[in-house]
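Take a look at the structure below.
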Amino acid sequence: MVYYVPTNQNYEGEWRTFYSTPMLLARDLKAEIPEIVRSAATSPQNLLFTEDDNAVNRRGRYANADFFEIFSLQFVEGNGKTAFDRPDAIVLTQKTVSDLFGSNTPVLNKVLRVDNTDNYVITGVVKNLPRNVSFGFDWLAPFERYSSGVEWMQEYGSNFTDTFVELAPGADFDEVEAKVRKMIPSKIEQAQTYAFLHPMKDWHLRSKFEGGKKVGGQITYVRLFTLIALIILLIACINFMNLSTARSEKRAREVGVRKVLGSGRKSLISQFMAEAMITASIAATVSILLLIMLLPQFNVIVEKQIELRLFDPLHVLPLLGITLICGLLAGWYPALYLSSFKPVEIIKGVNTKDGTATLIRKGLVVAQFGVSIIFIISTIIVYQQVRHVKSRDMGYQKENLIKMNVNGDMVKNFNPIKQDMIASGMIENVALNNSEILSSGNDGSGFEWQGGTNTEDVLISFRHISSNFLETAGMKIVDGRGFGENVASDSSNVMISQSLAKMMGARSAVGKTISRG
C-alpha cells in the first residue's frame, strides 16, 4: 500500500496540516522503520527544455529512485533500476519526448539542454500518465542534483518536499503509523510537529484536515450530488406512478377482460412490472446516448476531462442496479393498484377509482412539487453565491492579469525582459512574485515585533516580490509606501497586511520592527 506523508504542526495551540515534509524524512523513514520498504522525497519544479530550435516549458519532479517502483511506472525506453545511476540523468514522459523530438524517436542517452545552463542525459522514457492523477509530472530527475550543496535543504526544519512511502505486504498500519509519528520529534528537540500516513485511496476525495484530523474533502460533494441524483430519480419514479394510475380508466377494461378470461392477479402484476422494467431500460438507454452526445460539451464547460467508461464493471453494475431499482420502485404501486380492479364492476361501468388511490396520488404530486420547489430555491441561492464570489473585491485586479512561471535566468535578466515586454505596447506592467497570488506563500514562525507578546508561535505567511508587484496586481497600500526601484535602500524593509498590522496594536505599524532570529 502506498501512502503520502503530510505533517501536523502546532501553532498557537492549534494543529494545522501541511502537505510538505523535510527532505531527510524519506531517507530516515526507510532506514529506521523496517515495515517501510520504499520511500521517495519529491519536489515539483518547472524546467525549460531546449532541442535545436525547439523549446518547451514542462513541470516535473526531482525525486528518489524508489519513486519508479512505488508508482509502478512503465518504461518504454530504459528501466527504473538504472535510470538514476548518474547524477545528470533525466526521465521524460512520452508526450514530452514527442513535443521535443517528434513521435517515435529513440532518445535514450541523448543530451538535453535545460534552462540554457545545464545538460541532462535522457536515461529513460515512461508512458504518459492519466490526466486525473493527483501528483503528475512531465519529467523526473535525481533529487541529489537539486539538493546538492544547498544547506537549508539538509535541515529537519525545512519543509518543502512531498514524501511517499510503500509499506511491506502484511505490515500493521497502526504500528507503522505510530513509528512515523515519532520520527520528526526524535530528530528535533521540543518539536511541535509530527508526520503521519495518508493512504492513496483518500488522496483525491478525503484530503481535508481540521485540527490535525481528517474531516472529509471532495467526498462531501460526491455525496451531495449523489443525493441530488437519487432525489431526481425518485421524482421521476413518482411521475411514472402518477401517470400510470391516472391512466387507470383506459386500462380498466383490459384488466377486466383478462380477469374474465382467467388471468390471475399475479400474472397481471407480472405484466405491469415487466412494462415498468422495459420503460426503465429504455430510459437508461436514452440517458446513455445523451451522455455520449453531451459529455464532450460538458467537459468544455467545466474544464475537466470526465470519461464515460461505460463498460467498466464499476459503472455497468451500478447502472444495471439503478435501472432495476427504478423499474421496481416505479412499477410496484401501479401494478398492485391496476391488478386490484374487480371485473364485474369494470364491465358494469362502475367507477373503479377509490378515495385511497386518489389520496395517494395527490400525496405523491405534493411531494414531487415540494422537492422541485426546494431544488429551484437551492439553485437560485447557489447561483447568487457564485455570482457574489465572482464579483466580490478580491484585493487585486484579476482582469487582464496573466501569470507565467520563470525559468532559467529569467529572474537574473528580469529588467531587460520587463522593458522589452512593456515596449511591445501590449503589456502595461510586469512584476515578480515567488508564489501564486491567492496562496499563502511561504509559512514560518519565530517572529517578534514591537507591541506583541508571545509572538514566536504565530504562523506568518510571507513572500518575495519585485518593486512594482502591487501596481501590477492592482493591490492598494492603505498606510506607508511600497518598495522603490533601488533594491539596496529597501533591503531591510517589509510590507505587511492589515491582519498583521492589527496584531501590532491600534497605532500605525509603519516604522515598527519585525525580527526573526
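The values are calculated or read from the model by the stated rules, or taken from the named source; none is laboratory data. Keep in mind the model is a prediction, meaning the values are calculated, not measured. Quick reminder, even Gly has a Cβ in these numbers, built from the backbone with ideal geometry, and neighbours come from all protein chains shown. Heads up: the accessible areas ignore ligands, DNA and RNA and are worked out on the full protein's heavy atoms, side chains in. Shrake-Rupley method; radii C 1.70, N 1.55, O 1.52, S 1.80 Å.
Residues to consider are 425, 446, 441, 408; find the one that is under 16 Å from residue 46 (Cβ atoms) and of a type outside the set (Asp, Glu).
Result: 408 is the single residue among 425, 446, 441, 408 that is under 16 Å from residue 46 (Cβ atoms) and of a type outside the set (Asp, Glu).
Out of (1) in contact with a helix residue (DSSP H, G or I) (Cβ under 6 Å, 6 or more places away or on another chain); (2) under 25 Å from residue 139 (Cβ atoms); (3) open to solvent by 30 Å² or more (accessible area, probe 1.4 Å); (4) not small (Gly, Ala, Ser), what's the single condition that is false for residue 2?
(3)
Can you name the number of the only condition in (1) open to solvent by 50 Å² or more (accessible area, probe 1.4 Å); (2) over 36 Å from the mean Cα position of the chain (by Cα); (3) among the aromatic types (Phe, Trp, Tyr) that residue 449 fails?
With (1) open to solvent by 50 Å² or more (accessible area, probe 1.4 Å); (2) over 36 Å from the mean Cα position of the chain (by Cα); (3) among the aromatic types (Phe, Trp, Tyr) applied to residue 449, the lone miss is (1).
Restricting to region 115-144, count the residues that are of a type outside the set (S, T, N, Q), open to solvent by 80 Å² or more (accessible area, probe 1.4 Å) and farther than 30 Å from residue 307 by Cα.
Residues that pass the stated criteria total 1.
Which condition breaks for residue 233 when tested against (1) modelled with pLDDT under 90; (2) of a type in the set (A, V, I, L, M); (3) more than 26 Å from residue 379 (Cα to Cα)?
For residue 233, the failing item is (3).
For region 97-104, indicate whether the set of residues that are among the hydroxyl-bearing types (Ser, Thr, Tyr), in a strand (DSSP E or B) and under 28 Å from residue 122 (Cα atoms) is non-empty.
Taking every residue of region 97-104 in turn, none turns out to be among the hydroxyl-bearing types (Ser, Thr, Tyr), in a strand (DSSP E or B) and under 28 Å from residue 122 (Cα atoms).
For (1) over 22 Å from the mean Cα position of the chain (by Cα); (2) not charged (D, E, K, R), each residue gets a yes or a no:
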| site | (1), (2) |
| --- | --- |
| 149 | yes, yes |
| 189 | yes, no |
| 195 | no, yes |
| 211 | no, yes |
| 223 | no, no |
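Please find, within region 32-45, the residue that is nearest to residue 178 (Cα to Cα) out of those that are open to solvent by less than 20 Å² (accessible area, probe 1.4 Å) and assigned to a strand (DSSP E or B).
Going through the qualifying residues, I end up with 36.
Going through region 145-157 one residue at a time, which ones are of a type in the set (Ser, Thr, Tyr), open to solvent by 20 Å² or more (accessible area, probe 1.4 Å) and part of a helix (DSSP H, G or I)?
Residue satisfying the conditions is 146 alone.
Quick check on residue 258: is it at pLDDT 90 or above and either touching a helix residue (DSSP H, G or I) at 6+ places or on another chain (Cβ under 8 Å) or open to solvent by 100 Å² or more (accessible area, probe 1.4 Å) (or both)?
no
Under the condition of being among the charged types (D, E, K, R) and touching a strand residue (DSSP E or B) at 6+ places or on another chain (Cβ under 9 Å), which residue from region 119-141 is farthest from residue 54 (Cα to Cα)?
Taking the candidates together, the pick is 127.
Does region 197-228 hold any residues that are touching a Lys or Arg at 6+ places or on another chain (Cβ under 6 Å), of a type in the set (A, V, I, L, M, F, W, C) and in contact (Cβ under 8 Å) with a residue 12 or more places away in the chain, and which are they?
If the condition is that a residue be touching a Lys or Arg at 6+ places or on another chain (Cβ under 6 Å), of a type in the set (A, V, I, L, M, F, W, C) and in contact (Cβ under 8 Å) with a residue 12 or more places away in the chain, then 219 is the only one that fits.
Just name the residue that is surrounded by the most Cβ atoms within 10 Å (Cβ to Cβ) out of those in region 456-476 that are touching a helix residue (DSSP H, G or I) at 6+ places or on another chain (Cβ under 8 Å) and of a type in the set (Gly, Ala, Ser).
Among residues in region 456-476 that are touching a helix residue (DSSP H, G or I) at 6+ places or on another chain (Cβ under 8 Å) and of a type in the set (Gly, Ala, Ser), the one surrounded by the most Cβ atoms within 10 Å (Cβ to Cβ) is 466.
Please determine whether any residue of region 158-170 is touching a Gly at 6+ places or on another chain (Cβ under 6 Å) and either open to solvent by 40 Å² or more (accessible area, probe 1.4 Å) or not basic (Lys, Arg) (or both).
Checking region 158-170: not a single residue is touching a Gly at 6+ places or on another chain (Cβ under 6 Å) and either open to solvent by 40 Å² or more (accessible area, probe 1.4 Å) or not basic (Lys, Arg) (or both).
Could you list, in sequence order, the residues of region 189-211 that are at negative phi and modelled with pLDDT under 90?
189, 191, 192
Look through 108, 48, 73, 24 and report the one residue that is open to solvent by 20 Å² or more (accessible area, probe 1.4 Å), aliphatic (A, V, I, L, M), touching a residue at least 40 places away in the same chain (Cβ under 8 Å) and part of a loop (DSSP other than H, G, I, E, B).
73
Out of 243, 319, 338, I need the residue that is surrounded by 13 or more Cβ atoms within 10 Å (Cβ to Cβ) and within 26 Å of residue 360 (Cβ to Cβ). Which one?
Going through 243, 319, 338 in turn, the sole match is 338.
Across region 387-417, what is the number of residues that are under 30 Å from residue 118 (Cα atoms), open to solvent by less than 60 Å² (accessible area, probe 1.4 Å) and under 34 Å from the mean Cα position of the chain (by Cα)?
The number of residues fulfilling the criteria is 4.
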